[in-house]
Amino acid sequence: LKAADLIPVVLLNRSRTSVYVLVSASAERLETEAENSSFSKPLRGQAGLAPYTKRNRHLFGHTVLQDDFFTSGERQWLTMRIMQRNIQHRGAGIDFRTLLTEQASCMPHLQALWPCNSAPDF
């Protein structure tokens, strides 16, 4: 995850029977992914949707480094895309279908998947 410029935070539950991994990304990383994936974002003034580009970021509203530039849903979608994107394209290369169904002991078994809304505050 770190090689894909994602921010993982690992937590254990109180009984130490489950591990939780919270994953977030910086505004800069989200912006790069939005541009690389031709992510459509609403234009300022309700002028429709357009593929996001850094060069035209001024057309999309607030400055990119503000917390509300990408909505919660957009942050989740972009973070999941980074996690699933091929390693050669700056992604983490995670195959969630395999992790959700694989029972092999050499591989962690994913019980559930919930994307984070934003970076944790701790």
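Ranking Val21, Ile82, Thr71 by Cα position along the charge dipole of region 1-100, where only Lys, Arg, Asp and Glu carry charges on their C-beta atoms, puts Val21 farthest toward the positive end. Report note on the peptides 71-80, 27-36: ranked by the mean count of other C-beta atoms within 10 Å, highest first, their order is 27-36, 71-80.
Convert 37 °C to kelvin, take the viscosity as 0.692 mPa s, use the Kirkwood radius over C-alpha pairs of region 1-50 as Rh, and evaluate the Stokes-Einstein diffusion coefficient in µm²/s, rounded to a whole number.
Estimated via Stokes-Einstein, D reaches 243 µm²/s.
Coordinate-derived values only; no laboratory data. Keep in mind it's a predicted model, so treat the numbers as computed, not measured. Note that each Cβ is placed from the backbone with ideal geometry, even for glycine, and that neighbours are counted across all protein chains shown.
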